[in-house]
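Peer 1: This is the structure I have questions about; it appears just below.
The values are calculated or read from the model by the stated rules, or taken from the named source; none is laboratory data. All values reported here derive from a predicted model rather than from experimental measurement. Reconstructed Cβ throughout: ideal geometry from the backbone, glycine too, with neighbour counts over all protein chains shown.
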Amino acid sequence: MAYLDMSTIDAQSPEDKDLELIRARKMMELRKKLLKQSESAKKPDPRSILVSRLVDRGLDVLETAERTYPEETKLVVKKLAELIEQGYIKGYITGGELLTLFRALGMPIRVETTISIVEDGRLVPLADKLRGKD
């Protein structure tokens with residue numbers, strides 16, 4: 001930070017004084033702009049706030065919603081992140097809860113689901129198991 005020496009300003013012409021004042025104002029504006037940018041850079045984006053609170057298949061539901069309804073999902077994510085930051089939503093959000101929310105908002109989302117059975121120490125899809133019995 002450069003300070004102005006008042007003794008040198010008195011000896012300068014009026015144009016030099018004006019230029020020095022303009023430079024000082026510009027420097028103050030730049031400092032304010034940098035401060036605002038650093039504050040906004042520290043704040044995480046809404047999606048990362050929400051993802052940090054998702055459990056079970058919550059991330060799968062969110063990604064499916066983003067592919068199916070990208071614009072609407074951005075709005076929902078932003079609002080959920082605000083509610084998390086304000087403390088209205090405490091704890092974690094399961095995939096089922098998120099799916100119910102999207103469906104209640106009129107966004108029918110289909111999440112791929114498989115049912116598996118443990119057989120001889122390995123997971124076998126139920127469809128394969130039923131086909132084998134026929």
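Peer 1: Exactly one of these conditions fails for G87: (1) closer than 15 Å to P46 by Cα; (2) surrounded by 12 or more Cβ atoms within 10 Å (Cβ to Cβ); (3) out of contact with any helix residue (DSSP H, G or I) (no Cβ under 6 Å at 6 or more places or on another chain). Give me its number.
Peer 2: It is condition (2) that G87 fails.
Peer 1: Only one of (1) over 12 Å from the mean Cα position of the chain (by Cα); (2) assigned to a helix (DSSP H, G or I); (3) among the charged types (D, E, K, R) is not met by D56, so which one is it?
Peer 2: Single failed check for D56: (2).
For every residue, the table says whether it meets (1) aliphatic (A, V, I, L, M); (2) modelled with pLDDT of 90 or more.
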| position | (1), (2) |
| --- | --- |
| R25 | no, no |
| K32 | no, no |
| L35 | yes, no |
| A41 | yes, no |
| D45 | no, no |
| S52 | no, no |
| T64 | no, yes |
| T73 | no, yes |
| V77 | yes, yes |
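Peer 1: Give S48, S52 a once-over and let me know the one that is more than 16 Å from L101 (Cα to Cα), of a type outside the set (D, E, K, R) and in contact with a Pro (Cβ under 9 Å, 6 or more places away or on another chain). Show your work before the answer.
Peer 2: Values: S48 fails: in contact with a Pro (Cβ under 9 Å, 6 or more places away or on another chain).
Selected residue: S52, the only one of S48, S52 that is more than 16 Å from L101 (Cα to Cα), of a type outside the set (D, E, K, R) and in contact with a Pro (Cβ under 9 Å, 6 or more places away or on another chain).
Peer 1: So, in the range 87-110, exactly how many residues are over 22 Å from the mean Cα position of the chain (by Cα) and either basic (K, R) or within 14 Å of L62 (Cβ to Cβ) (or both)?
Peer 2: 1
Peer 1: Something else now. For P108, only one of the following conditions fails: (1) more than 30 Å from L126 (Cα to Cα); (2) of a type outside the set (D, E, K, R); (3) not in a helix (DSSP H, G or I). What is its number?
Peer 2: Failing condition for P108: (1).
Peer 1: I've got another one for you. Taking T64 as the residue in question, decide whether it is within 14 Å of the chain's Cα centre (by Cα), in the same structural domain as V111 (by TED's automatic domain parsing), polar (S, T, N, Q) and not in a loop (DSSP other than H, G, I, E, B). I'd like the intermediate steps shown before the answer.
Peer 2: Values: within 14 Å of the chain's Cα centre (by Cα): no; in the same structural domain as V111 (by TED's automatic domain parsing): yes; polar (S, T, N, Q): yes; not in a loop (DSSP other than H, G, I, E, B): yes.
Against the criterion (within 14 Å of the chain's Cα centre (by Cα), in the same structural domain as V111 (by TED's automatic domain parsing), polar (S, T, N, Q) and not in a loop (DSSP other than H, G, I, E, B)), T64 does not qualify.
Peer 1: Identify all residues within the range 21-53 that are assigned to a loop (DSSP other than H, G, I, E, B) and exposed (fewer than 10 other Cβ atoms within 10 Å of the Cβ); write none if there are none. Walk me through how you get there before you give the answer.
Peer 2: Residues of the range 21-53 that are assigned to a loop (DSSP other than H, G, I, E, B), as a first pass: 43-45, 52-53.
Of everything in the range 21-53, just one residue is assigned to a loop (DSSP other than H, G, I, E, B) and exposed (fewer than 10 other Cβ atoms within 10 Å of the Cβ), namely K43.
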